[in-house]
Amino acid sequence: MKRILCTFAMLWSLSPATGSATTAVTMPIPAQELHHESLIARPMYSPDGHWIAARMHVSDEDRTLGIIDAQTLAYTPVFSLEKDQFLTDYLWLDSKNLLLDLTIDGRFRQVVLVLENSGGKLRSTIKPLKLALTVLSPDEGTGTFLVAYRVSDVAKAAVHRVRVDQLFDWKLPPDTLVDASLPNVTSYMYDSLNKILFATQHDRENSVVSVSSKKLSDRSWTKIFSKKDYKGEFTAVRYIDKTTLMVLSDESNDTVAVQSYDITTQQVKETLYSNTAYDVNKVITDNQGKMVGVGYVSDGVQTTQYFETNRANLLAMLQQTFPNKSVQLLDESKDLKQLLLFVSSADYAGAYYLLDVNTGKASMLEEVLPDLNQYRMYQSQVIKTEVEPGVQLESYLTLPAPEQANKALIVMPHGGPIGVREYNSFNPDVQYLASRGFAVLRVNFRGSSGFGKKFQDSGVGQFGQRIERDISAVVSQVRKQHQFSQSCAMGGSYGGYSSMMLAIQHPDLYQCVVGQYGIYDLPYLFVEDQFMQEPDARKPVEAAVGKYNKGLRDVSPVYLADKVKAPVLLLAGGEDSTARIEHSYRMEMALKAFKRPVETIYYKKAGHGPYNNYWAAHELAASAEFIRKSLNLKEYGSELTDKALRAKVAKDLALLGEGYGYGWMLEANPTLADSYTARSATFGATEGVYQRALTQLNQFGNFQQGVELLEQAAAQGNVEAKYTAAFYYAFGYQVTPNYTKAMDYANQALANGGTARGHLIKAYLYCTGRGVPQDLQRCLELMDLKKLQAVPEIKRPNPLDATTPMFFTTTAMIIRDAKFTQEQLAQFHAMVTEQFNIYPVDFTVDDLEPGYFKDQEFQKNQSVFKFEKERVFGLNFAVKKLMQSKSNAVLVYISLQQANGEFQLIKSEMIAGTGKDGWGIRYQLTSADKPGIYRIELADLSGNKLASQDFTIQP
């Protein structure tokens with residue numbers, strides 16, 4: 001476990017306080033400011049203590065791993081993340097090399113970041129790994145470190161001691177092998193003080209969990225713990241002597257305690273420390289391995305208790321410096337002169353500090369979410385409730401500002417329910433609801449972790465029974481102490497189930513229910529798929545629900561839908577493998593069968609929870625909006641008079657409208673999207689005006705109104721609106737072109753940090769000479785994406801988002817509209833080849849095959865059919881005389897016949913490839929489209945017409 005320095009200098013003063021001097025405003029906090037990437041995350045010292053690695057997220061375009069000088073606190077970015085890259089973890093191998101875990105295009109990758117201090121400047125290079133490794137210990141001065149990786153036999157794992165230069169081949173050298181003798185290893189741990197390796201094994205066939213240990217110099221392992229069907233805690237800390245181990249265990253205790261354990265008898269010898277109320281979750285030892293402190297969660301806050309005077313005094317002074325805050329000692333410098341602290345609380349997202357032990361000065365590295373300092377935040381009260389003799393529940397009640405209070409209580413059961421708990425720490429959802437006037441209650445009912453195994457085990461099989469009685473007992477206590485006129489139950493996973501059961505059991509107490517990713521049909525858990533017929537597959541379900549029995553129907557909301565009185569909102573994920581969306585489908589149908597009010601939000605791509613921060617914010621805003629409507633409350637933020645503050649609140653309405661506008665995550669709902677965005681615009685949010693414009697354009701097909709709204713949003717400073725207005729005015733998609741406005745809006749968008757797509761609109765105008773004199777060289781310069789890509793993302797004035805499809809569209813439009821000489825055309829072709837390796841050749845189209853999709857099957861040779869929203873139609877075709885070894889291009893123009901008989905362009909694009917497997921063009925009808933005659937025309941890169949096909953789409 002983590003060691004902390006042995007002695008401290010006397011600290012006479014400590015500074016500073018947390019947060020900024022900004023005056024906090026009492027107002028509804030926008031969801032996306034709470035569900036936001038931390039500005040700083042996971043700082044950690046290098047082994048030599050000179051550097052601190054930290055992840056920084058300034059914006060989506062400015063995400064870096066950087067190195068902080070531990071003396072000057074200067075930050076140097078050493079690795080910039082591109083749009084499709086995510087840094088999931090990192091670890092120092094030694095003081096010059098970091099192992100990075102990355103997700104790139106959804107795939108796991110590992111690289112070593114090599115640091116070099118050249119002339120006072122920190123530089124870095126990247127070396128990719130071919131293996132998937134886990135580092136067990138960094139270099140401790142030997143030039144080597146321990147790693148583990150999976151070998152071809154998945155039942156075994158191997159440990160190696162390696163140098164950095166040995167990491168980059170497909171196999172680690174045989175002479176680096178430390179051990180590969182144990183089967184079924186799930187994890188390793190290394191005791192660096194005693195040079196001892198621990199391995200945890202799980203024999204699933206026999207349901208046996210065991211722990212073994214060995215010195216690195218030994219050939220054989222010693223089995224120190226082995227239990228069948230073991231569900232308790234057993235974590236090795238380190239050896240006390242040759243036969244005695246210090247462990248965290250509840251083997252002979254109700255709560256997890258620090259115990260000495262005899263490896264010969266495999267029995268606990270004595271308890272070194274225990275807390276009768278809480279499980280110990282951390283042991284702190286000094287350089288000699290002596291226990292000097294422990295950690296546990298007390299009153300919902302991670303708490304450290306030191307047994308040594310100097311440490312206890314330091315912690316007491318830190319608590320005085322940061323009153324009402326949790327102070328965690330995370331790391332230390334090698335010379336023991338600096339400590340890395342994390343300071344946070346229920347009403348403060350937190351900040352990282354460096355503490356100089358000698359001077360007592362605490363210097364802030366950075367705050368986690370500094371933008372939240374402008375808003376009022378809310379502390380939580382700890383509530384203790386005795387539900388039975390000797391059984392006490394711990395809960396947290398967050399109250400809103402008195403002037404904001406709407407006298408409504410949100411009861412928020414946690415998920416799990418077994419082995420999960422609530423904390424009295426910063427919770428974005430709680431802060432969001434409290435800022436909207438709600439009181440929020442979270443209960444650690446029986447089954448929750450952290451309070452001992454008896455407390456946790458007493459929740460098993462108590463779905464809809466003891467657990468809900470516990471929650472209701474606390475609700476009753478809180479309602480006696482505070483005046484609430486209305487209540488709503490809201491929770492995720494098991495919390496969704498519990499929220500539904502609370503409303504069923506107490507129909508007069510709850511006026512609404514929000515169930516997020518919930519389970520509602522307990523018998524269905526045992527038959528979800530064919531694997532559930534296997535006893536081992538049922539064990540995780542039985543560990544929470546208990547054995548299958550007919551009585552499960554009596555505590556399943558699906559079979560109790562007639563007892564629901566309150567309006568219900570069900571949220572679920574289409575890719576949820578934990579609480580399958582079928583549960584929500586069944587709950588929805590059952591409620592509708594009894595004519596109970598129910599709304600649903602099904603996120604197509606979500607798993608067991610929000611897809612990302614954006615959709616977490618959407619889910620939170622949608623839930624709060626449903627609660628507002630159900631409880632007949634006024635519009636959030638309607639009391640605000642400041643226009644800027646009203647616009648901030650209205651961002652959530654724009655977010656809701658945007659979510660319903662595209663159909664990727666949610667089924668597109670133009671009416672709902674327009675309603676939300678119109679309300680947002682009325683409230684003063686430019687995002688609302690912009691999103692409403694997109695709804696009119698993309699969903700309703702009201703192009704003139706859509707462009708007018710774009711201009712309104714652009715006038716209010718919305719950068720995306722400026723770009724989109726430039727797009728429509730340049731290309732004239734179902735609107736009258738205005739090339740002067742197109743150039744003006746493109747320039748404005750670029751000047752305000754808009755994407756580089758603005759360069760491509762300007763390129764179209766210069767190439768075609770529309771609104772400006774024709775200037776081919778300027779056009780080619782603006783289309784040079786490779787030059788822009790060469791600039792590190794963090795330094796680009798204009799991001800490259802979506803520039804490739806825009807390049808293809810722009811190319812098609814330029815070839816159609818530009819009056820090029822043969823020489824100019826050749827120059828343009830050369831640019832396209834340079835940018836995307838696409839070669840212009842002469843070819844002809846053959847085997848033209850029109851059709852549409854029905855039940856995922858392409859109906860061939862069909863050009864007349866009925867209009868259906870989301871119907872896809874198009875062309876299959878072959879080409880002759882292609883350069884089969886190189887990419888070629890076909891230009892596509894899709895038009896709709898107008899009332900005067902002329903065809904107006906609605907889409908243009910370029911498709912590229914070798915064409916070996918044939919070519920295809922697809923167009924999906926949306927609610928913005930209408931019945932009529934559609935025409936698809938094909939051309940080559942020289943503008944030569946290749947084919948034309950009309951489709952008659954009937955009402």
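The values are calculated or read from the model by the stated rules, or taken from the named source; none is laboratory data. Values in this document were obtained by computation on a predicted structure and should not be read as measured data. No Cβ is skipped: glycine too gets one built from the backbone with ideal geometry, and neighbour counts run over all protein chains shown.
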*Please state which of the following conditions Gly753 fails to meet, knowing it meets all the rest: (1) surrounded by fewer than 23 Cβ atoms within 10 Å (Cβ to Cβ); (2) over 23 Å from Ser927 (Cβ atoms); (3) without any contact (Cβ under 8 Å) to a residue 40 or more places away in the chain.*
(3)
_Given (1) in contact with a strand residue (DSSP E or B) (Cβ under 6 Å, 6 or more places away or on another chain); (2) buried (at least 19 other Cβ atoms within 10 Å of the Cβ); (3) modelled with pLDDT under 95, index of the condition Asn888 fails_ = (1)
*Which residues, taken from the stretch 904-928, are crowded, with 18+ Cβ neighbours inside 10 Å and over 26 Å from Phe828 (Cα atoms)?*
Tyr923, Leu925, Ala928
_Whether any residue in the stretch 292-302 is closer than 26 Å to Val178 by Cβ and aliphatic (A, V, I, L, M) is what I want to check._
no
*Report yes if some residue within the stretch 855-868 is crowded, with 16+ Cβ neighbours inside 10 Å and closer than 25 Å to Phe727 by Cα; otherwise report no.*
no
*Any idea which residue in the stretch 792-824 is surrounded by the fewest Cβ atoms within 10 Å (Cβ to Cβ), counting only those that are acidic (Asp, Glu) and either in contact (Cβ under 8 Å) with a residue 40 or more places away in the chain or under 30 Å from Gln85 (Cα atoms) (or both)?*
Asp801
*What number of residues within the stretch 689-702 are in contact with a helix residue (DSSP H, G or I) (Cβ under 6 Å, 6 or more places away or on another chain) and within 17 Å of Tyr729 (Cβ to Cβ)?*
5
_Single unsatisfied condition, Gly49 versus (1) within 19 Å of the chain's Cα centre (by Cα); (2) at positive phi_ = (1)
_Hey, Arg692 surrounded by 23 or more Cβ atoms within 10 Å (Cβ to Cβ) and among the charged types (D, E, K, R) or not_ = yes
*Which residue, of Gly688, Gly717, Gly706, is modelled with pLDDT of 90 or more, within 30 Å of Pro30 (Cβ to Cβ), in contact with a Phe, Trp or Tyr (Cβ under 9 Å, 6 or more places away or on another chain) and of a type outside the set (D, E, K, R)?*
Gly706
*If you check Glu386, Glu366, which single one turns out to be surrounded by fewer than 17 Cβ atoms within 10 Å (Cβ to Cβ), in contact with a strand residue (DSSP E or B) (Cβ under 9 Å, 6 or more places away or on another chain) and part of a strand (DSSP E or B)?*
Glu386
*Could you list all residues from the stretch 756-791 that are among the charged types (D, E, K, R) and either more than 17 Å from Ala725 (Cβ to Cβ) or free of Cβ contacts under 8 Å to residues at least 24 places away in the same chain (or both)?*
Lys762, Asp775, Arg778, Glu781, Asp784, Lys786, Lys787
_I'm trying to understand the selection: among the residues of the stretch 223-234, which are buried (at least 16 other Cβ atoms within 10 Å of the Cβ) and not aliphatic (A, V, I, L, M)?_
Phe225, Glu233, Phe234
*Which number in (1) part of a strand (DSSP E or B); (2) more than 30 Å from the chain's Cα centre (by Cα); (3) not small (Gly, Ala, Ser) marks the one condition that Thr600 misses?*
(2)
*Taking the condition under 31 Å from the mean Cα position of the chain (by Cα) and part of a helix (DSSP H, G or I), does Ser487 pass?*
no
*Out of all the residues in the stretch 182-190, is one or more more than 37 Å from the chain's Cα centre (by Cα) and either assigned by TED's automatic domain parsing to the domain that holds Gln110 or free of Cβ contacts under 8 Å to residues at least 60 places away in the same chain (or both)?*
no
*strands (runs of 3 or more DSSP E) contained in the stretch 856-955 and holding at least 2 residues in contact (Cβ under 8 Å) with a residue 60 or more places away in the chain*: 864-866, 872-880, 888-897, 903-913, 932-939, 945-954
*Index of the failed condition, Leu875 passing every other in (1) among the aliphatic types (A, V, I, L, M); (2) surrounded by fewer than 16 Cβ atoms within 10 Å (Cβ to Cβ); (3) over 38 Å from the mean Cα position of the chain (by Cα)*: (2)
*asked:* Suppose the filter is at pLDDT 95 or above, on the phi < 0 side of the Ramachandran plot and of a type in the set (D, E, K, R); does Glu394 pass it?
replied: yes
*Among the residues of the stretch 133-151, is any at pLDDT below 85, over 27 Å from Met44 (Cβ atoms), of a type in the set (Phe, Trp, Tyr) and in the same structural domain as Leu248 (by TED's automatic domain parsing)?*
no
*asked:* Taking the conditions exactly as written (crowded, with 17+ Cβ neighbours inside 10 Å, touching a Lys or Arg at 6+ places or on another chain (Cβ under 7 Å) and not assigned by TED's automatic domain parsing to the domain that holds Ala70), does Ser395 satisfy them or not?
replied: yes
*If you take the residues of the stretch 124-145 that are in contact with a Phe, Trp or Tyr (Cβ under 6 Å, 6 or more places away or on another chain) and in contact (Cβ under 8 Å) with a residue 60 or more places away in the chain, which of them is nearest to Leu99 (Cα to Cα)?*
Pro138
*Could you please find all residues in the stretch 892-948 being of a type in the set (A, V, I, L, M) and under 38 Å from the mean Cα position of the chain (by Cα)?*
Val892, Ile894, Ile906, Met910, Ile911, Ala912, Ile921, Leu925, Ala928
